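Take a look at the structure set out below.
The values are calculated or read from the model by the stated rules, or taken from the named source; none is laboratory data. This one's a predicted model, so the numbers in the text were calculated from it and none came from an experiment. Cβ placement follows ideal geometry from the backbone for every residue including glycine, while neighbour counts extend to all protein chains displayed.
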Amino acid sequence: MSRIAALYALQQTDSEIDSRLISISQIEVALADNSAVEVARQVTQEADTAFVAARLALRDLEIASEDTERHAAELEKKLYAGQIKGIKEMGLAQHEIATFRQRRKDLDDQGVEAMIALEEAETTKKAAKAILTEAEAEREKVIITLQEDRVRLEGELLELRTEREKRAKAVVPPDLIIYEKLRGQKQGIAVALLQQGKLCGRCRVELPLTKQREAKNNAVIVYCSSCGRILHFKP
């Protein structure tokens, strides 16, 4: 294997390692992202709160209606029992009874509306709960899949790192120093293929004829005149 071929083989392994590392990083982000369930949980909590509020509102109206009817009945009982004397007082009592009865009618009408609102709140609550249950179940499936993928990738990464050690040993030390330096400067890609015998496979710039001939020999390190990467020619 030529010097440049050894560098290219190392580059391929390093690119595979980088790919696995990126995938593992993405999996970690996905595992930490519980936003769908959190949103569904928040909606459920809001629906629960709205349901409780609607139930309390209905109960308050029922209590108010009962109290109003009790006051009217007590006043009516006193009136018919003759406990209220005088025409004026009796007239005031009758007016107050009528006011209580009208108030109760209004409260009962509001109670019907409150009952409808309660039923709607309960329907919304059940729907939100169903969505949350579905989101949680789906999240569990996603987590299992992600964890399995992570284990697989970590296994591949271990094998690739072992392979890298072997390939790094096949590169002469001075070339390895150059390669590692370029890797740090060129977003992890230090070696590019010479495509069509004239183009840098990374930046797609056509090389001068002299560099084309030198790169095709694969005997010495030849750099792309545009991006500065090492060029490797595969016959």
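Note on the stretch 46-86: residues that are assigned to a helix (DSSP H, G or I), in contact with a helix residue (DSSP H, G or I) (Cβ under 7 Å, 6 or more places away or on another chain), without any contact (Cβ under 8 Å) to a residue 40 or more places away in the chain and among the aliphatic types (A, V, I, L, M) amount to 3.
Only one residue in Arg229, Arg152 is among the charged types (D, E, K, R) and crowded, with 17+ Cβ neighbours inside 10 Å, so which one is that? Please lay out each step first, then the result.
On the way: Arg152 fails: crowded, with 17+ Cβ neighbours inside 10 Å.
Unique residue meeting the criteria: Arg229.
Taking the condition free of Cβ contacts under 8 Å to residues at least 60 places away in the same chain, part of a helix (DSSP H, G or I), within 38 Å of the chain's Cα centre (by Cα) and under 30 Å from Leu31 (Cβ atoms), does Thr123 pass? Taking the combined requirement at face value, the residue does not satisfy it.
A quick yes/no check of all residues on (1) of a type outside the set (D, E, K, R); (2) touching a residue at least 60 places away in the same chain (Cβ under 8 Å); (3) under 30 Å from Glu165 (Cβ atoms):
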{"position": "Glu180", "(1), (2), (3)": "no, no, yes"}
{"position": "Gln185", "(1), (2), (3)": "yes, no, yes"}
{"position": "Ile189", "(1), (2), (3)": "yes, yes, yes"}
{"position": "Ala192", "(1), (2), (3)": "yes, no, yes"}
{"position": "Gln195", "(1), (2), (3)": "yes, no, yes"}
{"position": "Leu209", "(1), (2), (3)": "yes, no, no"}
{"position": "Gln212", "(1), (2), (3)": "yes, no, no"}
{"position": "Asn217", "(1), (2), (3)": "yes, no, yes"}
{"position": "Cys227", "(1), (2), (3)": "yes, no, yes"}
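When we screen Arg213, Arg161, Arg167 for residues that are basic (Lys, Arg), outside any loop (DSSP other than H, G, I, E, B) and buried (at least 17 other Cβ atoms within 10 Å of the Cβ), the only hit is Arg167.
Taken over the stretch 158-197, the residue count meeting the criterion of being within 18 Å of Ile22 (Cβ to Cβ) and out of contact with any helix residue (DSSP H, G or I) (no Cβ under 8 Å at 6 or more places or on another chain) is 5. Of the residues Arg59, Arg55, which single one is surrounded by 14 or more Cβ atoms within 10 Å (Cβ to Cβ), among the basic types (Lys, Arg) and closer than 19 Å to Lys125 by Cβ? Residue meeting the stated conditions: Arg55. Of all the residues in the stretch 139-178, those that are free of Cβ contacts under 8 Å to residues at least 24 places away in the same chain and closer than 30 Å to Glu38 by Cα number 7.
Condition check for Ala72 on (1) crowded, with 18+ Cβ neighbours inside 10 Å; (2) at pLDDT 95 or above: one failure, at (2). Would you say Leu182 is in contact with a strand residue (DSSP E or B) (Cβ under 9 Å, 6 or more places away or on another chain), buried (at least 17 other Cβ atoms within 10 Å of the Cβ) and hydrophobic (A, V, I, L, M, F, W, C)? Yes.
Examine the stretch 115-129 for a residue that is among the aliphatic types (A, V, I, L, M), surrounded by fewer than 14 Cβ atoms within 10 Å (Cβ to Cβ) and closer than 16 Å to Glu69 by Cβ, and state whether such a residue exists.
No - not one qualifying residue is present in the stretch 115-129.
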